[in-house]
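To start, the structure under review is shown below, and the notes come after it.
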Amino acid sequence: MITVKEDTALVGIAELRNKASEVMKKIKKYRVILTKRNKPLGVIIDYEEYEHMQKLLEEVEDFVLGTIAKERLKRKGKKAIPLDEAEKKVGIR
C-alpha cells in the first residue's frame, strides 16, 4: 500500500489478494484506490463515508432540480400545475 495523500492509498490488485485483511482494516482511515498495472481501477471507501457522499449527491440533485423548476416558472406563458394533477395526466394516479 502506497499512501499518496493523507487519506488516500494505492493498492494493487495482487496486493489486495495477498493482504485483503490488512487492506480492509485500512479502509476506516484511507480511501483505497485499486490499481491494475499501475492504472486506477476502482475505489474502496468506508461504508459510512459512502452513505454520506450519497446523501450529499441527493441534496445537490434536489437543489439543481429545484433551481431548474424555479427558472421554468419564470418563463412567460408557462403555467405550473399541482403535482397531483400532473400525476393524473401521466396515469400515475
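Taken together, the values in this text are just the output of simple stated rules run on the coordinates, not laboratory data. Note that the structure is predicted; figures quoted are calculated from it, not measured. Every residue, glycine as well, gets a Cβ built from its backbone with ideal geometry; the counts of neighbours run over all protein chains shown.
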Exercise for the section: Positive end of the charge dipole of the chain (Lys, Arg +1 and Asp, Glu -1 on Cβ, about the Cα centre): tell me which of GLY66, ILE81, ALA20 has its Cα farthest that way. Expected result: ILE81
Practice task
Net charge near ARG93: determine it from the other residues with C-beta under 11 Å of the C-beta of ARG93, scoring Lys and Arg +1 and Asp and Glu -1.
Solution key: -1
Practice task
Only Lys, Arg, Asp and Glu count, each charged at its Cβ (+1, +1, -1, -1), so figure out the dipole size of segment 2-45 about its Cα centre, rounded to 20 debye.
Solution key: 100 debye
Exercise for the section: Using per-residue counts of other Cβ atoms within 10 Å, averaged over each peptide, order 30-40, 12-22, 55-65 from highest down. Expected result: 30-40, 12-22, 55-65
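Using the Cα centre as the reference, give the magnitude of the dipole from point charges on the C-beta atoms of the chain (Lys, Arg: +1; Asp, Glu: -1; all else neutral), rounded to the nearest 20 debye. Could you put the intermediate results ahead of the total?
Working: 22 positive and 16 negative charges, 112 e Å.
My answer is approximately 540 debye.
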Exercise for the section: Excluding residues fewer than 8 places away in the same chain, name every one of the aspartates and glutamates whose C-alpha is closer than 20 Å to that of LYS55. Expected result: ASP46
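So what is the calculated 222 nm ellipticity per residue for the chain, using -39500 (n - 2.57) for each DSSP H run with n of 4 or more, over all residues, to the nearest 500 deg cm²/dmol? The partial results should precede the final answer.
Values: 4 runs with 49 residues, N = 93.
Rounded to the nearest 500, the figure is -16500 deg cm²/dmol.
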Exercise for the section: Report the semi-axes of the equivalent ellipsoid for the chain in whole Å, largest first, where each axis is √(5λ) for an eigenvalue λ of the Cα gyration tensor. Expected result: 46, 15, 12
Exercise for the section: Give me the net charge of MET24's neighbourhood, meaning all other residues with Cβ under 15 Å from the Cβ of MET24; Lys, Arg count +1, Asp, Glu -1. Expected result: +2
